[in-house]
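Enquirer: A single structure is presented below for examination.
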Amino acid sequence: MNPRTPPVLHRALRVFAFGALFFSEIPTRAMQAAPAVSGSLETILQTSLAGYTSAAAGVGARGTRMASWEPTAPSAPTQNRLVLIAGMDEPVPKAVPQNAAAPSTLAALQFLQWWTTPDAASARALWQVVILPAAYPEGPKTEPPVFPPLKGFFNHPTDVESRSLWRWSAMSAPDLVVDLRISERPARAANALAKTLFPDASDAAAPELVAALGTGTPSGLPPVPALRLEDRPEHVQETLRTLVSKPIPHSALRTALEKRAARDPLAIARALAARYPAAPGMSYIPALAWTGALRVSRLTGDPVFRDKAVAQMQGFLTGEKPAIGATPNLPSLAGHLAFSDWAQAEGRSDAGALALSAAQRLLPSADAPNTVPHGSRWTDDLFMACAVLARAANATGDSQYADAAERILISYAKRLQRPDGIFVHVESSPFAWGRGNGFAAFGLMEALTHLPPNRPERAALLEIFRKQMQGLLAHQSPDGSWRQVIDEPGAYREFTATAMLTTALARGIRLGWIERETFLPAVERGWRAVSVRIAEDASLVDVCTGTGAKKDCDLSYYLQREALFGADDRGGAMALTAALEILELRGP
């Protein structure tokens, strides 16, 4: 993949051009009853369809996007949701070029075009359809994919697509998943749940996707009915239309996701505060969880959350544990933000003094007035330094801390913020890492929250913040999340970026920095994307592992960063911050 050319569907377009020719030679009565697939895949995916957006479920090993069509809103309670996956047909015969499209891809696109016509109005009232027309856009695999994939999210060396299929299909909240294939031998294979819907189907066998979806899906979610539908080209459209002509019971998977989305933010905050941090230390990660726990106790009147946080912080306050090592590092200095919040909430002068000692070490030198001491010149610096400096300015009234925070934010924005408002992670690797944008948003958010409102550079900071928030709107995925690489539609939908950017947007609305009417829909969609990825035991889905900036790396460095699944202190802290901000935004 060319590191300076975002992956487009140039490979897929060649594939689909041949596939369209091959498929158009087959006379079908289904094609006579529906509009033919016209134009390139790229053209089709850029077509405006009411209520739908073109997106991607992932990328292949070489960076080709797994293009998808997805609704822009959750299903109505009265609707079913179908996830239709095509492109997993058997490899084409040797006589056919190996870059030829799977015939099922053309069938899925033809169904999509019919779906948007007036003829499909009654079906649309009953169903939403999510379509992934080319599950393997880089061509068939030499070995059949194995489901469920247990490792390699989303960095498997040869079959990253199966990881994306597994996560994307489940998190799309389906009532039914259909694996569509073209075959001269019509057949149906269903998992146990789908057998009640399709009693004539054979039993789906492991390790295929349909069978695996019947055994359970990510984050402790229930299984979902799934059907492998194989049919002749002339019968596919009729079969699919019949399938969406009547409702079915909602799946346990969809019900579970809807239940997660309906939880009160405070209930989610309580679960997160009870579990995180599991590994307390002096770092920004436990600090966000500690300050969130203090807030949860104030909101609920339950001291258990505060007591846990105080017990974990106490050793640093007494000196039993070193708060600042012999060689300070920025994440540990950032951890002092919780001590500042503790001091403000409970009048703890000793905690305030400890926080101030960290702020003093973050004051830039006269030789480098715009550079964060102990920093990296990454977007990470903006949050880790300015969250502490802004609190010190607020606590002491000393302008040197405010001056430093403003200079850092403005100078870093000049280097790292693009004209569209999005931040790149670092100049030497100019890619829009998701959590890197979260760090930039948090740095601006904390400065605007804690610095005095009459500061001379406040207007400049507001402009940087507003520019970023506006830019983010164009890159929110259909389910409300933001991605591991903000502007790469095929990058995986990443938990911390979504939590952090939702938090910044929510606070911006609450404190009047951005317009409610413009940004509130993005906040509500973002919070839904966060909440459905938090299990009842506070396990999480797809938290990007710790990420530095690799000099002169290409885009794959970020696309292939491991996505953690389960318990994670970093993701838990970010989600707790988001839950509390949503709670405040919604009010009593």
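Enquirer: Report whether or not Ala278 is in a loop (DSSP other than H, G, I, E, B), surrounded by fewer than 17 Cβ atoms within 10 Å (Cβ to Cβ) and under 33 Å from the mean Cα position of the chain (by Cα).
Expert: yes
Enquirer: Taking into account only those residues within the stretch 543-575 that are part of a loop (DSSP other than H, G, I, E, B) and among the β-branched types (Val, Ile, Thr), which is most open to solvent (accessible area, probe 1.4 Å)?
Expert: Thr545
Enquirer: Kindly indicate whether any position in the stretch 515-522 is under 11 Å from the mean Cα position of the chain (by Cα) and either among the charged types (D, E, K, R) or surrounded by fewer than 24 Cβ atoms within 10 Å (Cβ to Cβ) (or both).
Expert: No, the stretch 515-522 contains no residue that is under 11 Å from the mean Cα position of the chain (by Cα) and either among the charged types (D, E, K, R) or surrounded by fewer than 24 Cβ atoms within 10 Å (Cβ to Cβ) (or both).
Enquirer: Being open to solvent by 60 Å² or more (accessible area, probe 1.4 Å), touching a helix residue (DSSP H, G or I) at 6+ places or on another chain (Cβ under 8 Å) and touching a residue at least 12 places away in the same chain (Cβ under 8 Å) is the requirement here; does His336 meet it?
Expert: no
Enquirer: Give the residues of the stretch 555-565 that are over 13 Å from Ala491 (Cβ atoms) and out of contact with any strand residue (DSSP E or B) (no Cβ under 7 Å at 6 or more places or on another chain), sorted by residue number.
Expert: Within the stretch 555-565, Glu562 is the sole residue that qualifies.
Enquirer: Based on what the data block shows, is Ala73 modelled with pLDDT under 90, surrounded by fewer than 16 Cβ atoms within 10 Å (Cβ to Cβ) and either aliphatic (A, V, I, L, M) or closer than 21 Å to Ser162 by Cα (or both)?
Expert: yes
Enquirer: For Glu230, state whether it is surrounded by 16 or more Cβ atoms within 10 Å (Cβ to Cβ) and among the charged types (D, E, K, R).
Expert: Spelling it out, Glu230 is indeed surrounded by 16 or more Cβ atoms within 10 Å (Cβ to Cβ) and among the charged types (D, E, K, R).
Enquirer: Within the stretch 408-465, take every residue that is part of a loop (DSSP other than H, G, I, E, B) and among the acidic types (Asp, Glu) and give me the one that is surrounded by the most Cβ atoms within 10 Å (Cβ to Cβ).
Expert: Checked the stretch 408-465; the qualifying residue surrounded by the most Cβ atoms within 10 Å (Cβ to Cβ) is Glu457.
Enquirer: Give the number of residues within the stretch 425-467 that are under 21 Å from the mean Cα position of the chain (by Cα) and without any contact (Cβ under 8 Å) to a residue 12 or more places away in the chain.
Expert: 1
Enquirer: Which numbered condition in (1) open to solvent by 30 Å² or more (accessible area, probe 1.4 Å); (2) in contact with a Lys or Arg (Cβ under 7 Å, 6 or more places away or on another chain) is the only one that Phe153 fails?
Expert: If we test Phe153 against (1) open to solvent by 30 Å² or more (accessible area, probe 1.4 Å); (2) in contact with a Lys or Arg (Cβ under 7 Å, 6 or more places away or on another chain), just (1) comes out false.
Enquirer: Now a separate question. Being more than 16 Å from the chain's Cα centre (by Cα) and either under 27 Å from Val296 (Cβ atoms) or of a type outside the set (A, V, I, L, M) (or both) is the filter here, so list the residues in the stretch 549-572 that pass it.
Expert: Within the stretch 549-572, Lys550, Lys551, Asp552, Cys553, Asp554, Ser556, Tyr557, Ala567, Asp569 qualify.
Enquirer: Looking at the stretch 106-119, which of its residues are modelled with pLDDT under 90 and either under 23 Å from Thr142 (Cα atoms) or open to solvent by 70 Å² or more (accessible area, probe 1.4 Å) (or both)?
Expert: Leu106
Enquirer: Here are the criteria: (1) aliphatic (A, V, I, L, M); (2) closer than 17 Å to Gly471 by Cα; (3) over 21 Å from the mean Cα position of the chain (by Cα). Tell me which single one Ile408 does not satisfy.
Expert: For Ile408, the failing item is (2).
Enquirer: Also, quick follow-up: Scan the stretch 86-100 for residues that are in contact with a Phe, Trp or Tyr (Cβ under 7 Å, 6 or more places away or on another chain) and either closer than 19 Å to Ser162 by Cβ or at pLDDT 85 or above (or both) and jot them down.
Expert: Across the stretch 86-100, the qualifying residues are Gly87, Met88.
Enquirer: Also, I was wondering about something else. When you scan the stretch 478-488, do you find a residue that is among the β-branched types (Val, Ile, Thr), touching a residue at least 60 places away in the same chain (Cβ under 8 Å), under 30 Å from His156 (Cα atoms) and open to solvent by 10 Å² or more (accessible area, probe 1.4 Å), even just one?
Expert: So far as the stretch 478-488 goes, no, none of its residues is among the β-branched types (Val, Ile, Thr), touching a residue at least 60 places away in the same chain (Cβ under 8 Å), under 30 Å from His156 (Cα atoms) and open to solvent by 10 Å² or more (accessible area, probe 1.4 Å).
Enquirer: Answer yes or no as to whether Thr518 is of a type in the set (Ser, Thr, Tyr), more than 30 Å from Ala567 (Cα to Cα), out of contact with any Phe, Trp or Tyr (no Cβ under 8 Å at 6 or more places or on another chain) and not in a loop (DSSP other than H, G, I, E, B).
Expert: In short, yes.
Enquirer: Right, here's the next one. Quick one: in the stretch 181-222, which of the residues that are closer than 20 Å to Ser75 by Cβ and under 27 Å from the mean Cα position of the chain (by Cα) is surrounded by the fewest Cβ atoms within 10 Å (Cβ to Cβ)?
Expert: Selected residue: Pro222.
The values are calculated or read from the model by the stated rules, or taken from the named source; none is laboratory data. Note that the structure is a prediction, hence the values are computed from the model and not measured. Cβ sites come from the backbone with ideal geometry, for glycine too, and all protein chains shown count toward neighbours. Accessible surface is based on the protein model in full, side chains and every heavy atom, while ligands, DNA and RNA are left aside. Shrake-Rupley method; radii C 1.70, N 1.55, O 1.52, S 1.80 Å.
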